[in-house]
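Trainee: Got a structure here, written out as C-alpha cells. Questions coming.
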Amino acid sequence: MAKRAGLASNISNLFFVRRRPKLHIPFDWERPKTDAEYHKLLEYEGFISQTHWKSDNVDEFPLLKQDLADLEQHLMPFFWELNQKAKYYQNLFYLYQWVFMFGALVTTALGAFTTYSYTMKDPGNLPEIFGVITAIVSGVTAFFNVISNQSAPQARWARARRLAEELRVTYFRYLTRLKPFDGKDRIQKLRLHILAVRRKENEDKG
C-alpha cells in the first residue's frame, strides 16, 4: 500500500498531471453573483473582507472601512482584471505544453510503428497509413507550436501576474498608510499609481 501511495504521489507530481489545462478559463473576469461569494474570493486571494468582523463591529473601524471602500472602488477592479488574465494565459501555456508533449509522444510511437510495418512480410498499406497519420499529428503539433510562439502565453502570464502582485503590495501599503500613501492626498496618489501600473501593462504589450 505504501509503495502504491508513493507511486501515485510521484505520478501526481509530474508536470503533465499537476499542470494539466482546464477546458475553459474565461479571459474576462466576472464578479461572483453574491456578496458572500465575492468576500470568500477576497479571503482566498489574501485580501481583507469585512466579514472578518461582526456586522455590529464594522463601524468601530471607520478609517479601515473607508480605506477598504477606496481600494474596492479604484484598485480591486484592475487587480481582478490582471489576475484573470494571468490565469487565462497560464492555462493556455499549459495547454500548449500538453499538445507538444503528447504530440511528440504520438509522433515517436507512430514512427516506430511505421518502421516496424516495413519489416512485416505482408505490410499491405500499413506503412502508408502510418505515414499519413504521422504527418497529420506532426502538422497539428507544428501548428500549435507556431501559435504558441506568436501568442507568447508564458510571457503574458508572467506580465499579468507581476502587475497583479504589484497591485497586491499597493493594497496593503495603502491600508497601513506607508509612503507614499501617508498624506492627505493618499487617494490621489493611489489613483496615480494605478494609472502607472496600467501604463506598464500597455508598454509591455507594445
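Trainee: When only the heavy atoms of the protein chains count and the probe is 1.4 Å, how do 185, 70, 35, 122 rank by accessible area, highest first? Mind dumping the intermediate values first?
Mentor: Numbers: 185 70, 70 25, 35 105, 122 130 Å².
Listed by decreasing accessible area, they come as 122, 35, 185, 70.
Trainee: Which chymotrypsin sites (Phe, Trp or Tyr not before Pro) in segment 123-176 sit in a loop by DSSP (not H, G, I, E or B) and have at most 10 other Cβ atoms within 10 Å of their own Cβ?
Mentor: Numbers: sites: 130, 143, 144, 157, 171, 172, 174; in loops: none.
In loop regions of segment 123-176 (DSSP not H, G, I, E or B), there are no sparsely surrounded chymotrypsin sites (Phe, Trp or Tyr not before Pro).
Trainee: Under a straight-distance cross-link criterion of Cα-Cα below 18 Å, which aspartates and glutamates are reachable from residue 65, leaving out those fewer than 8 residues away in the same chain?
Mentor: Cross-link targets: 35, 43, 56, 182, 185.
The values are calculated or read from the model by the stated rules, or taken from the named source; none is laboratory data. Keep in mind the model is a prediction, meaning the values are calculated, not measured. We place every Cβ from the backbone using ideal geometry, glycine too, and count neighbours over all the protein chains shown. Please note that ligands, DNA and RNA were not included when accessible areas were found on the heavy atoms of the full protein model with its side chains. Shrake-Rupley method; radii C 1.70, N 1.55, O 1.52, S 1.80 Å.
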